[in-house]
Amino acid sequence: LPFPKVRATHPDCSVVLQFQEREAECLQRIRSESQSPALPGQEGCPTDWDGVSCWPALPLGQSRAIACPDILTVFKKSKGLIQRNCTEWGWSIPSPPYHSSCQLETLSNNDTEAKARHFVTMKVLYTCGYSTSLAALLLAIAIFSCFRKLHCTRNSIHIQFFTSFILRGTAVFIKDNVLFSDESINHCTMSTVTCKAAITFFQYSVLANFYWLLVEGLYLQTLLLLTFTCDRSYTWSYILMGWGVPMVTVGVWVLTRLHYDDHGCWDDYSSPYWWVIKAPILLAIFVNFLIFLNVTRMLAQKIRCPDLSKTHKQQYMRLTKSTLLLIPLFGVHYVVFALFPEHVGVDARLYFELVLGSYQGFLVALLYCFLNGEVQAEIRRNWGKWQRSMESNVFNLATQDFTA
């Protein structure tokens with residue numbers, strides 16, 4: 001049985017950790033039994049660890065059957081039973097063998113390498129996606145920061161939103177470097193301060209990303225509701241929500257894990273304490289969905305209003321198009337996956353959250369900056385101003401040369 005390959009390629013760290021706990025418990029039982037020799041008339045087979053399952057002590061002549069262990073069930077088609085007999089020569093070999101009963105034909109070297117190639121391909125895809133997003137977001141922040149006419153509360157919120165995407169992409173790269181840089185280390189069992197810090201930073205970045213999306217929705221709703229209210233008065237409230245709520249949530253999660261579940265690298269999503277992170281994310285998605293419905297209703301009313309000027313209608317439409325596109329885009333697949341356990345649809349979940357999710361930052365920069373008519377007009381104005389300045393300098397130099 002190529003069990004190390006099973007453990008190395010198993011998608012659920014919690015199963016691997018449970019297996020190791022059972023192994024340690026079984027070995028401890030074997031040591032305890034070895035210190036207490038059997039009495040006359042109690043001959044039989046002692047507790048045995050065969051590398052996969054723990055077989056409890058049995059009297060001579062009896063047999064025991066167990067189901068395929070959890071660590072193997074992810075690779076099998078149907079659940080089988082394995083039996084061992086206690087003979088006068090000791091335990092018999094498992095019958096049928098694990099690879100037959102648990103149908104482990106997929107554990108060949110070729111298939112294991114194919115699985116490894118699949119993860120490498122996925123890593124290349126999301127690395128390209130996050131790199132593209134980071135470049136686009138940094139350029140968008142530079143554009144908003146350099147042009148004074150673009151300095152306003154709305155674009156300030158956009159910059160904070162872009163920054164949360166930058167943190168998220170950076171956190172993914174840091175997490176990969178800490179957890180998966182050394183193939184000889186099992187990331188399910190490593191428990192260092194560095195890896196826990198990387199996971200904590202990653203969770204904070206994801207939470208901040210969702211809450212700044214919530215801020216975008218709230219700002220749009222406030223803009224439609226309170227037309228004559230100064231939006232600067234809400235800036236600090238937005239900052240506290242976008243950065244402060246995730247910080248408090250992650251702080252509570254870290255303290256909870258330290259006191260009640262300080263195992264592994266905190267990268268297991270089967271822990272009940274994962275809901276400390278998951279619940280606020282689902283809350284943000286749910287509130288954003290309600291904002292989506294409410295903004296759609298208010299926008300329909302304002303556009304039908306005959307007293308609203310054409311300029312205001314264009315302003316509402318420009319801002320609303322971007323935000324209404326992002327709210328369902330960011331929340332739909334998270335809501336769908338939230339209805340299922342974490343181990344269901346692992347490949348699809350990884351594809352949506354890593355591969356497609358890696359390009360969300362690029363899409364945000366595209367909608368809020370590069371396709372923004374106000375930004376394009378400001379760039380054209382400054383480009384024309386720079387060209388006229390250059391032409392003027394060239395003319396002055398030529399005039400000086402001629403007069404000289």
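No value in this document is a laboratory result; all are computed from the given coordinates. Here the structure is a predicted model, which means the values were calculated and not measured. Every residue, glycine among them, receives a Cβ derived from its backbone with ideal geometry; neighbour counts consider all protein chains shown.
Approximating the spin labels as points 7 Å out from Cα along Cα→Cβ, the residue 66-to-residue 122 distance works out to 2.9 nm. Using a Förster radius of 25 Å, what is the FRET efficiency between residue 371 and residue 300 based on their Cβ-Cβ separation? Nearest 0.05, please. That pair, residue 371 with residue 300, gives E of 0.60. Once the Cα-Cα distance is subtracted from the 0.36 nm per residue extended length, the residue 24 to residue 180 segment shows a gain of 53.6 nm.
Counted residue by residue at 0.36 nm each, then reduced by the alpha carbon distance between them, the extension gain from residue 93 to residue 35 reaches 18.4 nm. Stretching the chain fully between residue 293 and residue 239 yields a gain of 17.0 nm (0.36 nm per residue, less the alpha carbon separation).
Sequentially through region 207-214, phi angles give Karplus couplings (6.51, -1.76, 1.60; θ = phi - 60°) of 4, 4, 4, 5, 6, 6, 5, 4 Hz, Gly and Pro residues having no value and appearing as x.
Approximating the spin labels as points 7 Å out from Cα along Cα→Cβ, the residue 138-to-residue 381 distance works out to 2.8 nm.
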